[in-house]
Amino acid sequence: ALADKGIVCLMATCPPAAVERIAERVRAAGRRFVDAPVSGGTAGAIAGSLTIMAACERDTFEAVQPVFEGIGQRIFHVGERAGQGATVKAVNQLLCGVHIAVVAEAFALAAKVGVDLPVLLEIMGGSAAARSQQRGGHLRQGPGHRPRSRARRAGCVADCRRGAPTVPRHLRARRGPG
């Protein structure tokens, strides 16, 4: 059994509200909790190059950091509340999904007019669109690609939004006339 004040790290992609419920149960059992979803997929896990988005008390973060350094290269303390790591992961997934959709549309357009797609991919790899092209690797179904997993994560994004407070009026983008 895990010792009192032992640390439980949840590194799965889960909706923030579910993470909060799990954290409550862990803390009620006398243990510490780290909400630490990862990004980088199977390839990142194998290479030890994951991005880790951890939310927990600062002293708990410092205690688990050596473990995180063994599996990740980009390690962030994103907050002190359970669910904050899950929210950062949801934001990341939202941006990934948008990039993938845009790359798919762009390549569909190019294919429609007869552009040689391998040549286009090579061009994109050396251009300002290189970051989006990297996302295009998912379209080629490279290592670790699982469409159902991405769909599940999209559900986490929706759950995250439902549980988030509205943006205060003074922080909302102002629109010009018309």
For this session: Name the long-range amide H neighbours of Arg81: under 5 Å, sequence gap of 5 or more, or other chain; modelled H, no Pro or chain starts.
Result: Cys56
Problem set entry | Amide H within-cut-off set for Leu50, under 5 Å, with H built and near neighbours excluded | Gly72, Gln73
Exercise. Whole-Hz Karplus ³J(HN,Hα) for the range 72-87, in order, using 6.51 cos²θ - 1.76 cosθ + 1.60 and θ = phi - 60°, x for Gly and Pro?
Worked result: x, 10, 10, 10, 10, 9, 9, x, 10, 10, 4, x, 5, x, 4, 5
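Here, each number is a calculation from the coordinates, and none is a lab measurement. Since the structure is predicted, the reported quantities are computational estimates derived from the model, not experimental observations.
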